[in-house]
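Trainee: Following this message is one structure expressed as structure tokens.
The values are calculated or read from the model by the stated rules, or taken from the named source; none is laboratory data. Predicted, not measured: the structure shown is a model, and the values here were computed from it. Reconstructed Cβ throughout: ideal geometry from the backbone, glycine too, with neighbour counts over all protein chains shown. Calculation scope for accessible area: heavy atoms of the full protein, side chains included, ligands and nucleic acids excluded. Shrake-Rupley method; radii C 1.70, N 1.55, O 1.52, S 1.80 Å.
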Amino acid sequence: MKKEMPINKQTRLNTILDEATKLLIEKPNASMSEIADASGIGIATLHRYVESREQLMIHLGFRAIEVVRATIEGIPLTEENCEDYFPRLIEALIPLGDKIYFLGHDASVNYNPDIEGADQKLREPALKAISMLQQKGYLRHDINSKWIIDVLYSILFLTWQQVIDGQIARKSAAALVVDTFYNGFKTK
């Protein structure tokens with residue numbers, strides 16, 4: 001899907017996509033003109049980067065995956081550090097709540113097999129970590145790991161949203177999510 005483009009043009013497109021993501025979370029039916037305005041560009045400029053709303057949504061999905069993947073890849077997972085994996089992952093992903101929300105909730109993204117496949121691959125390290133933690137007794141065995149990931153993604157988005165709204169202090173957000181994550185899924 002992605003065409004190779006010069007770095008400066010890709011950087012500009014990424015900025016447009018990031019602003020579009022923020023707007024579309026607040027206003028899912030925002031027009032292309034509103035998206036252009038939120039990005040600080042004209043509609044004609046927006047159409048130089050994306051031809052249609054459908055193409056924009058696909059670009060948004062791949063951008064979200066790209067940003068989240070780069071973050072996840074920076075957090076190593078081994079048998080020895082699996083207990084520390086989720087606290088580090090949660091702290092790194094809270095600022096990406098808008099991208100995580102977009103991947104989990106935008107219907108057009110969920111019907112694109114390439115994006116769905118990339119999103120599933122993106123979740124593999126976390127699923128592996130959950131399995132390790134279940135084997136070690138940190139997490140319950142009777143809860144499906146995919147459900148745990150979906151709940152975690154929802155908590156991450158909610159936390160991001162409340163940090164943005166000033167309801168949760170940025171410095172305490174990760175600890176709150178880690179506590180909620182582990183105590184909500186702890187073995188009985």
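Trainee: Scan the stretch 154-172 residue by residue and report those that are closer than 10 Å to G97 by Cβ and not hydroxyl-bearing (S, T, Y).
Mentor: I155, L156, F157, L158, W160, Q161, Q162, V163, I164
Trainee: Right, here's the next one. With respect to S131, determine if the residue is in contact with a Leu (Cβ under 7 Å, 6 or more places away or on another chain) and free of Cβ contacts under 8 Å to residues at least 40 places away in the same chain.
Mentor: The answer is no for S131.
Trainee: Specify the residue that is farthest from I143 (Cα to Cα); the eligible residues are those in the stretch 165-185 that are out of contact with any Phe, Trp or Tyr (no Cβ under 9 Å at 6 or more places or on another chain) and at pLDDT below 85.
Mentor: N183
Trainee: If I go through the stretch 10-59 residue by residue, how many of them are of a type in the set (A, V, I, L, M), assigned to a helix (DSSP H, G or I), under 21 Å from N112 (Cβ atoms) and free of Cβ contacts under 8 Å to residues at least 24 places away in the same chain?
Mentor: Going through the stretch 10-59 one residue at a time, the tally reaches 2.
Trainee: Scan the stretch 5-40 residue by residue and report those that are within 14 Å of R63 (Cα to Cα) and of a type in the set (D, E).
Mentor: Hits for the stretch 5-40 are D18, E19.
Trainee: OK, next. Restricting the search to the stretch 128-175, which residues are crowded, with 18+ Cβ neighbours inside 10 Å, part of a loop (DSSP other than H, G, I, E, B) and either of a type in the set (V, I, T) or in contact with a His (Cβ under 7 Å, 6 or more places away or on another chain) (or both)?
Mentor: Result: I168, single match.
Trainee: Are any of the residues in the stretch 111-127 open to solvent by less than 40 Å² (accessible area, probe 1.4 Å), at pLDDT below 90, under 21 Å from K27 (Cβ atoms) and assigned to a helix (DSSP H, G or I)?
Mentor: no
Trainee: For the stretch 60-87, how many residues are closer than 18 Å to Q134 by Cα and either part of a helix (DSSP H, G or I) or of a type in the set (V, I, T) (or both)?
Mentor: Summing the residues that are closer than 18 Å to Q134 by Cα and either part of a helix (DSSP H, G or I) or of a type in the set (V, I, T) (or both) in the stretch 60-87 gives 7.
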